[in-house]
Structures are given as structure tokens and as C-alpha cells.
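Have a look at the structure below, then the notes.
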Amino acid sequence: MFTDVKYAFRQLRKSPGFALTAMVTLALGIGANAVVFSVLNALVLRPVKIPNAESLYMVQRGHFPSQSYLDYLDLRDRNHSFDTLMTSTILGSIGVNDGRDSSTAWPYLVSGNYFDGLGIQPSLGRFFHASDEKGKNSAPYIVLSDGYWRSHYNADRGVIGRMVELNKHPFTVIGVAPPAFRGTEIFFAPAFWVPIVEEPLLQGIDNLQYRGDHSEWMVGRLKPGVTPAQATADLNRVGVWLSNTYPGDDEGLTFTLARPGLVGDMLGGPARLFMTGLMTLAGLILLAACANLGSLFAARAADRAKEVALRLALGSRRGRIMRQLLTEAMLVSIAGGAIGVAGAVGVLHLLTAWQPIPSVPINVPVNPDIRTYLVALVMALASGLLFGIVPVRQVMRADPWQTIRTGMSDSTMRRFTMRDLLLIVQIAICAVLITSSLVAVRGMARSLHSNYGFHPEKAILVDTDLQMAGYADGTYAQMQRRMIDAIRSIPGVSATGYVDQIPLGLGGSDSGVFADATTDYRPTNQVADAMDYNISPGYLAAAQTQLIAGRDISYDDKKDAPIATLVNRTFAVKVFGSVQKAVGGHFKFWSGNRALVVGVVEDGKYRTVTEDQQPAMFFSFQQHQGSGTWLVVRSQRDPAEMTAAILHTLQGLDSSIPLDINTWTQEMDTALFAARVASIALGALGLLGAMLAVTGVFGMASYVVSKRLRELGIRVALGAGRREVLSASLGRAFRLLSIGSLAGVVGGIFFSRVLSFIVYEASPKDPFVLIGVTATMLVLGLVASWIPARRALAVDPLILLREQ
């Protein structure tokens, strides 16, 4: 074996261009797979970093992860399958004042048994426990995350016992979590944890007592010996009791289990589907690389046909020659794998540090672990065997006497060879990758100019929460109107308005809608489930949302006036039958509250850009007050100038209000995050596919030209023109390119159907995509054939025939 390795190394040193090309080709394939697998491992395969994570399950309401706090308490106390059930929720950005400076942070609100149930131990101080909870607002403690402790307190061990103000309320730091702990959802990195019984104090609203408020996530640890199916049946037994006891909120309630980490099936389902597809494409990249290398090694074996024939004629065993060829392939595969893994590690470190939404602590640790390295090693060895075994058939079928006599093997005389098949496979795979990437990019481009029911261009958003500045319930609307009036006075502002949550933002809530005649407010009697927003006059103009019937919300829609609401077109048709019947009609919501429809607006997108049209309603901000504040400012002025003017104006009203000012286009990064990641990932794979297509066609064309130089010289000597020379030398490569491209486009269209679940308006039937793929493959063929074509056209028959 040592002799074989030395011989293989010596052979590769004789052909450095071949060796470098082979190693880089394989490095691209293995590197791409290592990156995708590491992300797949972090998102799907690897459990959250919690002791005995295999026994942890998220309890879902149907197939949605959100639960009410009161239902959580009943499930916790009445189930027989879980050692413990814990609940948590992301509160959102809150104001933090530690006595040195003021800032904002994103915490988790968790039940008192959270840390004990997960089996986590503090690295400093202590955790809070279930015994610390003695009712509403009874546990003013916080536990810092390791990252927040290091970034805001310089890892000061004296932080324990320090007082910190959260939304102007005092809390005590009692502990620091271990470094690797981020909670049960891998994408969110909280600043700290707060007992959930403090939610009424921090939010100003006691949603914990409302069984219809589904804003908590529930995670439990199964008892030993209990299966997920048994636990599901047990939870549904409790669900029947809840349905009978609280029919107004829980009728027909069922539960399912999901793995924690990606908020159950809501995000986990699409993420698993996309990552499976992405892993499939990455595997195709490696397969295309192997096909490329198989073609190269087959050509190399054909070039060494006389050497192999001589060795066979002198008594060498075919098995010995095959082993040496495989050793050469394994050296290339191991070296290429090492280069690919090194590049993948660098990319993964960048992805781990990447925070796609700067204002929100969302990122996913995807650093490689032992699984990544083992998978890369297996792929390298398998690839070496896969492309290294291609020349074996040539060696096994070689006739040494004919090769010595004619200087060529039988395989070079056949019209269709293994190299041709490998090139077709490689081109088809690359066409699939290019088709998928163009579908994603095309869908992404369309999504940037789609109708969302609002127009983010030329709009600026001001985000704040008045409770952070100490404002009390009942005073919010008054201050929000003062802020609107102040911004309207800024030169260049054409419209401004308030909304409690922007569409396609991280927030947003929905409510059950009942017909006006309804008296039994069970969920089964709902006529619709609608998104609900609170807005001020001027919001429609600032958001450029079209009013299609009736009137806008006005400042006369005060707290003591009848509840006025705008509804969208889908709501009007679903609840009232038509837009015309909706205006002036009544409906009920929140178990009996009666609302008057004063106007109808166009449909829009509210939760995700890929959702189907759904009902929505917009209430007057004076009738439904909330501390959460988004101000939409429409202006043609430079955004930087407007940001400075808005900041100066609002700080003049109250300097204690924390402000976050961005363009609406920037805020759309959140909604378009999944689509952009998909487009970038598929674009990168498409680029790799294009590179492999170029090298494959180039290698094929170069090899054909090199083998037919004598024939081409004779043709030129007999008067053949440039067209005949090109047809003879490159016609075969272009025919194979056409066959592979056609097969690849068909496969790409089939695969691209999956993308419609991730990328808004991604359509595999887009004529632009079909034309684009055809043009791309044609250009790649021309680029790859340029150097061999020049060599073919530059042949001098006199010199060539004299040398021959």
C-alpha cells in the first residue's frame, strides 16, 4: 500500500494541472455539502443543548405552538405523562436601566419550574424556582444569559444582587445561565430570563388571566417509559375536559407533540422541508463533481492506455493496476475533502456570527461538530471510490496487444462512451441547480415589488413602547396622538399614522369573529378568524393602503363612541358576502363586543408573504389602546435627514421614550428573511453548478480536440473550412450539452415546486426562467469551449502531420 501511495503521488506530481483541478472540483462539492449538513444538523438533526433532550417535547394546540397560560396550568396539573411541563414566551423589546445607561433587550418570560424542569444549573448565583412564584408580580428576579453578562457587565461576578429597572420597574439579578444555554428554541438568543408571573407588570396588561390569549409555548419532559403517542392521548384526555369546562375558548381542543427547537411544526415543518431539499441539491453538487472527476479519470486512463497495456503484457495483474488507480483517486479525494472542509469551517463561523435582523437577537449556531467532520470524511472516501472506479471498466476490458499495435484502446473508437454518459449526468445536475436558483431569484425579485396591501418604499418607521417610559394604561392614545401631530409638523412629511403592530412584523394577533346575531361564542360558531390591528387616522395614507369603500377611522371614534372598524376585502366577502353589504354592517368579536364596519380596505399580507389571503380588521387606537407604538411616516426627503428630524422632534416631547427608527424597507428584512436565505443558498449552489458545467464541458471538448488533432489537420489540408472544423471538434460536446440541459431543465422545474413554500411568487413555469436556463447553459457551453475551439482552429496541418 505504501508503494501504491508513493507511485500515485508521483503520478499526480507529473500532472499538477490535473491534480489541482480534481482537488478543487471535489473541494467545492464536499465543502458545499459540509456547510449544508452542518446547518441541517443544527436546525433539524441535533437536539437542543439540554440534558436528556431526547425526552423533551413541545405541546402544540392542534398543529400550532401557542397556548394560553390558564390552559398550561390545567395541563401541568392534570396530565400523567410528563415529569414536568414548562411554559415560556418571548416578550419583545423592553427598556433596561442598570443605573449606568438605558438600553433595550429581548428577554424570555418563563414559568418558575423552567430551569429545574430542563435540568440546567447556573454558572453563577441561583435560578428562580416554582416556589418563588406566589401570584401575579410576586417574583421580581432576572437570570442573565452568559452573553449578556459578558457584553453588558464585563463578566463581573459581583453582578449578583444588583438592581435593574425593566420598563421602569425594579428587578434583582439572581444568577447567570451557563454559556451554551439559550433556551429551547435554537434561533433566539435572549438577554435574560424573567418569571412569567411578572408579565402583567412589564406589559401593563394581564393576559395571563385570559384563556383566549395564546401567546405561550409549552415544553415538557416525558416520564421514563412513556411514549409520545401515550402522552398525546393523555393530553387529549385533558383537552376533552377543557373543551367541556370552557367551551367558549377551548371547544374541540386537541393537542399534538413536536420536537422543540424551531417552534414546533410552524417553523420546523417548512425548515425541515427546505433543508432536505437543500441537502438534496448539495448532494447533486457532489454527484456532479464526481461525474466530472470520473470523466477526467476516464480520459486520463485512456491517455495512459499504452502504459497499462505494456504493464499487462509484462505480467502485471489487472487487480494491481486497478488498486493503483483507486489509490490515486483516494489521494485526490482526501486532499480535496480537506480543502473543502477547511473552507466550510470558515463559512460556518461566519454564519454563526451572522445576525440577520440587527434589532432582534436571532441567529443560529451552526459551528461544525464531530458529525460534520465524519460526514465529510465519508463523502470524501465515497467520492474517491465513485469516480475512481470509473476507469476500472476500461482496464478490465483493455486488450493490451491491440493497444500496443494501434496506440489506442477499444473504448476510444466507440460512438458513445462512459465519459459521454457522465458528462450528460453532470450537465443535467448543473441545469437542475441553475433552474432552481433562477426560480428562487426570480421569485425574490418579484416579491420585492409585490402588493402587500401597503407600500414600504419612501416610508420610515418609528418603533417604541410607551410603557418603557413609564406611561400608564389609559394615557397611551393621548401621547401617541401628540407624537403623530409633532411628526406631521416636520417639513417634507406627507402623511403619518399609528399602528400597534406593522403587517409582516414579528408581532400581530388574531381574533375570532362572530355574526351579529350570535349569542353562543364558542370557537365552532366563529364565521372567521381575523388579524386585528389598532390604527389612527392617517395610517392608511402613510402606508398607502387603498380604501375601497366607506370611510377611514377618525378622531371622533373615541372610547365612548360605538366601536368602529375597517375590514379588508376578504373579511367583507367572508362575513357579509360582499364589499357593499359590509359597510354599515355589524359583527361581534372577543365574546360579545359589537363592532360597526365603517370602511373596507384592500387585502394584504399580514403574517408571511407566502400566506393565502386572510381576513383582517383595523380598530380605532382610541377605542383599543396599547403601549406598543409604530409610527409610519411617509416622505420624499432623504431617509437620513428625516430620521434626524424625527428623532429631534420626538425627543423634544419626551426624552425618556426609547426610539428605534428605520426605513420600512429595512424592516421588511424580517418578512423576507426566509426567502432571501433560500435565494442566496440556491444562488450559491447554482453558481457551483455553473462552474462544474464549465469545467465538465471544457474537459470534454479539450479531450476530444486533443485526440482528433491529426484528423483535424487532415481535414484542414483537404480544404475544410472553420465551420467544418468546429463541427467536427466540438459538435459532440454541444450535443451532449443539449441532451443534459434538456433533462436538467425538466428536473429543475419538478424540484422548483418545493420553492413555492419558501420563496414568495417562485414559479417554475416562468418563461423567463426557461429562457434564462437555456441561455445560461448555452453561454456556459460557449465559454467552456472557447479555448479548445481556438486550439482546433489554429491547427497547422503541415506541422502536425510532420510531427505525426
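The values are calculated or read from the model by the stated rules, or taken from the named source; none is laboratory data. For clarity, every value in this text was computed on a predicted model and none was experimentally measured. We place every Cβ from the backbone using ideal geometry, glycine too, and count neighbours over all the protein chains shown. To get the accessible areas, we keep the full protein, side chains included, count just its heavy atoms, and leave off ligands, DNA and RNA. Shrake-Rupley method; radii C 1.70, N 1.55, O 1.52, S 1.80 Å.
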Taking first residues from region 527-552 that are acidic (Asp, Glu) and second residues anywhere that are outside any strand (DSSP E or B), the pairs with Cβ under 7 Å that are 6 or more apart or on different chains are Asp552/Pro537; Asp552/Leu540
Going through region 423-451 in order, the residues found to be open to solvent by 30 Å² or more (accessible area, probe 1.4 Å), at pLDDT below 70 and farther than 17 Å from Leu682 by Cβ are His449
Gly204: passes all of (1) touching an Asp or Glu at 6+ places or on another chain (Cβ under 7 Å); (2) among the small types (Gly, Ala, Ser); (3) open to solvent by 40 Å² or more (accessible area, probe 1.4 Å) but (3)
Residues of region 553-570 being crowded, with 21+ Cβ neighbours inside 10 Å and more than 30 Å from the chain's Cα centre (by Cα), in sequence order, are Ile553, Asp557, Ala564, Thr565, Leu566, Val567, Arg569
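Rundown of residues vs (1) among the polar types (S, T, N, Q); (2) assigned to a helix (DSSP H, G or I); (3) open to solvent by 50 Å² or more (accessible area, probe 1.4 Å), yes/no style:
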{"position": "Thr3", "(1), (2), (3)": "yes, yes, yes"}
{"position": "Lys6", "(1), (2), (3)": "no, yes, yes"}
{"position": "Phe9", "(1), (2), (3)": "no, yes, yes"}
{"position": "Thr25", "(1), (2), (3)": "yes, yes, no"}
Apart from one, (1) open to solvent by 20 Å² or more (accessible area, probe 1.4 Å); (2) under 23 Å from Met483 (Cα atoms); (3) not small (Gly, Ala, Ser) all hold for Leu540; the odd one out is (1)
Apart from one, (1) open to solvent by 40 Å² or more (accessible area, probe 1.4 Å); (2) under 28 Å from the mean Cα position of the chain (by Cα) all hold for Ile186; the odd one out is (1)
Check: Taking the condition under 27 Å from Asp603 (Cβ atoms) and aromatic (Phe, Trp, Tyr), does Tyr521 pass?
Finding: yes
Exercise. Somewhere in region 445-468, is a residue outside any helix (DSSP H, G or I), more than 35 Å from the chain's Cα centre (by Cα) and of a type outside the set (Ser, Thr, Tyr)?
Worked result: no
Of the residues in region 672-698, those that are within 11 Å of the chain's Cα centre (by Cα) and small (Gly, Ala, Ser) come to Ala674, Ala675, Ala678, Ser679, Ala681
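Yes/no per residue for (1) open to solvent by less than 50 Å² (accessible area, probe 1.4 Å); (2) at pLDDT below 95; (3) assigned to a helix (DSSP H, G or I):
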{"site": "Asn244", "(1), (2), (3)": "no, yes, yes"}
{"site": "Leu262", "(1), (2), (3)": "yes, yes, no"}
{"site": "Met266", "(1), (2), (3)": "no, yes, yes"}
{"site": "Ala291", "(1), (2), (3)": "yes, yes, yes"}
{"site": "Ala299", "(1), (2), (3)": "yes, yes, yes"}
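Okay, residues lined up against (1) in contact with an Asp or Glu (Cβ under 8 Å, 6 or more places away or on another chain); (2) under 22 Å from Thr227 (Cβ atoms):
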{"site": "Gly29", "(1), (2)": "no, no"}
{"site": "Val36", "(1), (2)": "no, no"}
{"site": "Asn41", "(1), (2)": "yes, no"}
{"site": "Leu45", "(1), (2)": "no, yes"}
{"site": "Ile50", "(1), (2)": "no, yes"}
{"site": "Leu56", "(1), (2)": "no, yes"}
{"site": "Val59", "(1), (2)": "no, yes"}
Exception for Ser215 within (1) free of Cβ contacts under 8 Å to residues at least 60 places away in the same chain; (2) open to solvent by 20 Å² or more (accessible area, probe 1.4 Å); (3) among the hydroxyl-bearing types (Ser, Thr, Tyr) falls at (1)
Query raised in the report: part of a strand (DSSP E or B) and either open to solvent by 10 Å² or more (accessible area, probe 1.4 Å) or among the aliphatic types (A, V, I, L, M) (or both): does that describe Lys581?
Result: no
Scanning region 554-596 for residues that are under 23 Å from Val499 (Cα atoms) and of a type in the set (D, E, K, R) gives Asp556, Asp557, Lys558, Lys559, Asp560, Arg569, Lys588, Arg594
When region 27-52 is checked residue by residue, the ones that are assigned to a helix (DSSP H, G or I) and either charged (D, E, K, R) or surrounded by fewer than 16 Cβ atoms within 10 Å (Cβ to Cβ) (or both) are Leu45
Going through region 361-371 in order, the residues found to be assigned to a loop (DSSP other than H, G, I, E, B) and either open to solvent by 30 Å² or more (accessible area, probe 1.4 Å) or under 14 Å from Arg182 (Cβ atoms) (or both) are Pro361, Asn363, Val364, Pro365, Val366, Asn367, Asp369
Taking region 584-627 and keeping only residues that are of a type in the set (D, E, K, R) and either open to solvent by 30 Å² or more (accessible area, probe 1.4 Å) or under 21 Å from Tyr210 (Cβ atoms) (or both), one is left with Lys588, Arg594, Asp603, Arg607, Asp612
Turns out the strands (runs of 3 or more DSSP E) fully within region 57-176 with at least 2 residues that are of a type outside the set (Phe, Trp, Tyr), over 23 Å from Gly268 (Cβ atoms) and open to solvent by less than 30 Å² (accessible area, probe 1.4 Å) are 94-97, 141-144, 163-166, 169-176
Only one of Phe589, Phe571 is of a type in the set (Phe, Trp, Tyr) and free of Cβ contacts under 8 Å to residues at least 60 places away in the same chain, namely Phe571
With the first residue restricted to region 234-261 and required to be free of Cβ contacts under 8 Å to residues at least 40 places away in the same chain, and the second required to be in a strand (DSSP E or B), Cβ contacts under 8 Å at 6 or more apart or on different chains are Asn236/Phe255; Gly239/Phe255
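Just name the residue that is nearest to Val633 (Cα to Cα) out of those in region 508-537 that are small (Gly, Ala, Ser) and open to solvent by 20 Å² or more (accessible area, probe 1.4 Å).
Looking at the filtered set, the residue picked out is Gly508.
The rows are residues; the columns are (1) open to solvent by 10 Å² or more (accessible area, probe 1.4 Å); (2) under 30 Å from Val39 (Cβ atoms); (3) modelled with pLDDT of 65 or more; (4) in contact with a helix residue (DSSP H, G or I) (Cβ under 6 Å, 6 or more places away or on another chain).
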position	(1), (2), (3), (4)
Glu307	yes, no, yes, no
Leu310	yes, no, yes, no
Ser316	yes, no, yes, no
Gly319	yes, no, yes, no
Leu326	yes, no, yes, yes
Met330	yes, yes, yes, yes
Gly337	no, yes, yes, yes
Ala342	yes, yes, yes, no
Quick count over region 157-185, residues being closer than 29 Å to Asp71 by Cα and in contact with a helix residue (DSSP H, G or I) (Cβ under 7 Å, 6 or more places away or on another chain), is 4
Check: Does region 712-719 contain at least one residue that is assigned to a helix (DSSP H, G or I), closer than 19 Å to Ala678 by Cα, open to solvent by less than 60 Å² (accessible area, probe 1.4 Å) and at pLDDT below 70?
Finding: no
